[in-house]
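Enquirer: Here you go, one structure.
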Amino acid sequence: RLKVGAELAVRDLTALLAFLSTPDDDLSLAAVLRSPLIGLSEAELYDLAHDRSEIRLWPALRRRKADFPAAHDLLFRMRNQADFLGPYDLLERILTRFGGRQRLLARLGDEAEDGIDAILSLAMTYEGTETPSLTGFLTWMETDDVEIKRQSDTAGDRIRVMTTHGAKGLESPIVILPDTADRQLRHRDEVIRPEGSLPQWKTRSDQMPSAMVDVMAAAKQAQDEERMRLLYVALTRAETWLIVCGCGETGKDASNWHGLVEAGMNDAGATPFQTPTGGGLRLQFGDWATSEDAGTEHRRPDVQPLANWITERAQIPAERVATLSPSTLGGAKIMAGEVETHDLEAALRRGSDLHRLLEHMPGLPPDQWAGLAHALLCFGETAVSTVEANQILAEARLVLGHPSLRNLFAADALTEVAISAELPELGDRRINGTIDLLLVKPDSVLIIDYKSNALVPETPDQVPRGVLRQMGAYAAAMAQVYPARRIDTAILWTRTATLMPLPHDIVRQALADYATS
């Protein structure tokens, strides 16, 4: 088990966060400079801090950034992000982008991984429950003494230092019991609680009453039994080698672990064995010197290098070019003089309502048109009055009832056709629009757009430039869909129920004018 706040790697990271939160914290900055995150030597830190003209260490480092370029660059870039990133993002940035994890593990060993992952997990938990403030996270870390259990149940190339209690359930090829000599065991409780009696203060051993002596003897026996159980746990953790040693007096009554193991080895036929620190006993099975593993060199598995994209910064994607709408290619959409006599916003809303009627009315018998118009126009956020709805309905009836226009609204006609294409005429810019009415024939395609302008031009030459560009964009897009068919365009002026075919040259030239403008 480890206390997260006491881990060296975590202390280095929290020192960095403390400096980012408070640049005047000289002690935290000095700790960061000496840590593996930056790696200044003691002499370099002394050179920076001693006899400096500035009161604070950070201004001194900034003044001498030419002497410590790597340290200044890292801290300066982290300082620029401290006010915009949360604790987790700051930690992840120093660990990944600036190689902090690799540096910490190289200095402190693989066991530092547990602490690094723990502080990242804590930062994520903090941001999920609190306002992600850097100062708040540091205070939260100081007041919350977090302890985690290491994942030590897997074998590895490392030495694990742990208590006998912590070793329960684990095994290792080699187990060393370093301290098994005599130990002074004391009953540290000052209050004794005899069974069935009131608590009592512990007295000197020569002044204890008999009842208290019995309680102390029972406590010592329970303690000795627990020590024996722990010895059993310690002896059974080894897979191959068990090394028992101790420093100090080992005693002669075999009351300590060293004496108990020694007695057991003698009974099992152990032989004297000379160690670098003196004589000992050895009990072995098999011929270790001629075993198959003798003399073989342990090789670490080949570590594949990281891909370049892990350490390199991601490229900034190219700015996405905005999609164009055929109805917003510039140019006038109404004839001169119309703005002065009509409300433009009301005219646009009226045109949208008329489009809705012309989309849905052709599929219904005429006796249902009034009810449909009332349902579509008189409800919702854009509802109009009954009088205005009747006026729009009358205009739609005029269009649908005109003898020369009836064939346009046949069953095979397509309404409100969404279209999108990249047009070479616009420098391969993409358009995205909707065609009001589309008639597809075996040898031709007719594109019709409804216009409810109050002033209707008499000839195609008088059609506003913006309308011509819109029709030119539709024609260029449909030419990609039907390359072998003739593409025609026309405007249906709803005020006069007039269909005005547009010459191909006019709409093509209007689109070309936009591309060169």
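The values are calculated or read from the model by the stated rules, or taken from the named source; none is laboratory data. Just so we're clear, the structure is a prediction, and the values are computed from it rather than from any experiment. Note that each Cβ is placed from the backbone with ideal geometry, even for glycine, and that neighbours are counted across all protein chains shown. Side chains included, ligands, DNA and RNA excluded: accessible areas come from the protein's heavy atoms. Shrake-Rupley method; radii C 1.70, N 1.55, O 1.52, S 1.80 Å.
Enquirer: Would you mind listing the helices (runs of 4 or more DSSP H) fully within the stretch 25-119 where at least 1 residues are more than 30 Å from THR129 (Cα to Cα)? First the steps, then the outcome.
Expert: Working: elements: 26-34, 42-49, 57-63, 69-81, 87-92, 100-108.
Because the criterion is at least 1 residues that are more than 30 Å from THR129 (Cα to Cα), the helices (runs of 4 or more DSSP H) in the stretch 25-119 that meet it are 26-34, 42-49, 57-63, 69-81, 100-108.
Enquirer: Does LEU74 qualify as being of a type outside the set (D, E, K, R) and modelled with pLDDT of 90 or more?
Expert: Yes: the conditions hold for LEU74.
Enquirer: ALA222: open to solvent by less than 40 Å² (accessible area, probe 1.4 Å) and either more than 13 Å from ASP179 (Cα to Cα) or under 52 Å from the mean Cα position of the chain (by Cα) (or both), yes or no?
Expert: The answer is no for ALA222.
Enquirer: Something else: Looking only at the stretch 468-507, which residues are in contact (Cβ under 8 Å) with a residue 40 or more places away in the chain, of a type outside the set (Val, Ile, Thr) and more than 24 Å from LEU348 (Cα to Cα)?
Expert: Correct list: ALA476, ALA477, MET478, GLN480, TYR482, ARG485, ARG486, ASP488, PRO503.
Enquirer: Then there's this: If you check LEU437 against the conditions, is it assigned to a strand (DSSP E or B) and open to solvent by less than 10 Å² (accessible area, probe 1.4 Å)?
Expert: yes
Enquirer: Moving on. What are the pairs, 6+ residues apart or on separate chains, where a residue within the stretch 353-367 that is in contact (Cβ under 8 Å) with a residue 24 or more places away in the chain has its Cβ under 9 Å from a residue that is acidic (Asp, Glu)?
Expert: Qualifying pairs under 9 Å: ASP353/GLU388; LEU354/GLU395; HIS355/GLU416; HIS355/ASP436; LEU357/GLU395; LEU358/ASP436; GLU359/GLU416; GLU359/ASP436.
Enquirer: To continue, here is another question. Within the stretch 121-133, which residues are in a helix (DSSP H, G or I) and surrounded by fewer than 18 Cβ atoms within 10 Å (Cβ to Cβ)? Reasoning before the result, please.
Expert: Of the residues in the stretch 121-133, the ones in a helix (DSSP H, G or I) are 121-129.
Listed by number, the residues that qualify are SER121, MET124, THR125, GLU127, GLY128, THR129.
Enquirer: Which one of the conditions (1) open to solvent by 90 Å² or more (accessible area, probe 1.4 Å); (2) assigned to a loop (DSSP other than H, G, I, E, B); (3) modelled with pLDDT of 75 or more; (4) more than 30 Å from THR180 (Cβ to Cβ) does TRP309 fail to meet, given that it meets all the rest?
Expert: The single condition TRP309 does not satisfy is (2).
Enquirer: Has the stretch 182-190 got at least one residue that is in contact with a strand residue (DSSP E or B) (Cβ under 9 Å, 6 or more places away or on another chain) and modelled with pLDDT under 75?
Expert: Yes, the stretch 182-190 has at least one match.
Enquirer: So, one more: Would you be able to say whether some residue in the stretch 463-475 is closer than 22 Å to LEU358 by Cα, touching a strand residue (DSSP E or B) at 6+ places or on another chain (Cβ under 7 Å) and open to solvent by 30 Å² or more (accessible area, probe 1.4 Å)?
Expert: no
Enquirer: Which one of these does VAL339 not meet: (1) open to solvent by 90 Å² or more (accessible area, probe 1.4 Å); (2) of a type outside the set (Gly, Ala, Ser); (3) under 30 Å from THR494 (Cα atoms); (4) at pLDDT below 75?
Expert: (1)
Enquirer: Continuing with this model, one more query. Which of (1) exposed (fewer than 10 other Cβ atoms within 10 Å of the Cβ); (2) part of a loop (DSSP other than H, G, I, E, B); (3) modelled with pLDDT of 75 or more does GLU249 not meet, given it meets every other one?
Expert: (1)
Enquirer: List the number of the failed condition for ASP428; all other conditions in (1) out of contact with any helix residue (DSSP H, G or I) (no Cβ under 8 Å at 6 or more places or on another chain); (2) under 22 Å from ASP513 (Cα atoms); (3) at pLDDT 90 or above; (4) open to solvent by 10 Å² or more (accessible area, probe 1.4 Å) hold.
Expert: The failed condition is (3).
Enquirer: Within the stretch 470-515, which residues are under 14 Å from LEU423 (Cα atoms) and among the β-branched types (Val, Ile, Thr)?
Expert: Passing the criteria: only VAL481.
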